[in-house]
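To start, the structure itself, in structure tokens.
The values are calculated or read from the model by the stated rules, or taken from the named source; none is laboratory data. Model, not experiment: these values are computed from the prediction. Because the Cβ atoms are built from the backbone with ideal geometry, glycine has one as well, and the counts that use them run over all protein chains shown. Note: areas computed on protein heavy atoms with side chains; ligands, DNA, RNA excluded. Shrake-Rupley method; radii C 1.70, N 1.55, O 1.52, S 1.80 Å.
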Amino acid sequence: MNKGMIKLSALYPKQEGSHFDIDYYCNIHTPMVVRLLGDSLKHSAVEQGLSGFERGSESTFMACGHLYFDSIDEMHKAFEPYLDEIMGDIKNYTNVTPYFQISEVKI
């Protein structure tokens, strides 16, 4: 990633009774998001939580999704027409509300 890029992260916390369908997220949801956001999206990544730092500990997040853009403006413009469709798909792969964070890539 280039310094100064904007990263939107969706973090899906592990909670009692929570579930996350990583196959749906990787094979249906993320490709849909990539298609809808078009050329404004510069890169995407998906991570599945394995554990915390301590050997054998539980991971804090079941999964994390990351989307990279040149600017916050570009990110918002890309999402505006499709936000309801993208957010409406969350129920198809998890029963938790994700945390969202917008960050600036520094290194």
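Numbers below:
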{"read-out": "Once exposed loop trypsin sites (Lys or Arg not before Pro) are cut out (DSSP; at most 12 other Cβ, 10 Å), longest piece of the chain", "value": "4-54"}
{"read-out": "Pair Arg55, Met32: separation of 7 Å Cα→Cβ label points (nm)", "value": "4.1"}
{"read-out": "Pairwise FRET efficiency - Lys77 versus Glu16, Cβ, R0 = 25 Å, nearest 0.05", "value": "0.05"}
{"read-out": "Distance between modelled label sites at Met87 and Lys3, nm, 7 Å Cα→Cβ extension", "value": "3.5"}
{"read-out": "Nearby lysines by direct alpha-carbon distance to Lys42 (threshold 21 angstrom, same-chain neighbours under 8 apart not counted)", "value": "Lys3, Lys7, Lys77, Lys106"}
{"read-out": "Relative contact order %, the chain, counting alpha carbon pairs below 8 Å whose residues are six or more apart", "value": "51"}
{"read-out": "Eligible lysines near Lys91 by straight Cα distance, threshold 21 Å, same-chain separation 8 or greater", "value": "Lys14"}
{"read-out": "By accessible area with a 1.4 Å probe, ligands and nucleic acids excluded, highest first: order of Ile28, Ile107", "value": "Ile107, Ile28"}
{"read-out": "P(r) histogram, all alpha-carbon pairs of the chain included - 5 Å bins from 0, percent", "value": "2, 12, 21, 24, 19, 13, 7, 2, 0"}
{"read-out": "Mean ellipticity per residue at 222 nm, deg cm²/dmol - from DSSP H runs of n ≥ 4 across the chain, formula -39500 (n - 2.57)", "value": "-5500 deg cm²/dmol"}
{"read-out": "Charge tally in the Cβ shell below 11 Å around Ile6, where Lys, Arg are +1 and Asp, Glu are -1, Ile6 excluded", "value": "-2"}
{"read-out": "Heavy-atom accessible surface of the chain: percent carbon and sulfur, 1.4 Å", "value": "50"}
{"read-out": "Rg/Rg_globular for region 49-107, with Rg_globular taken as 2.2 N^0.38 Å and Rg from C-alpha atoms", "value": "1.43"}
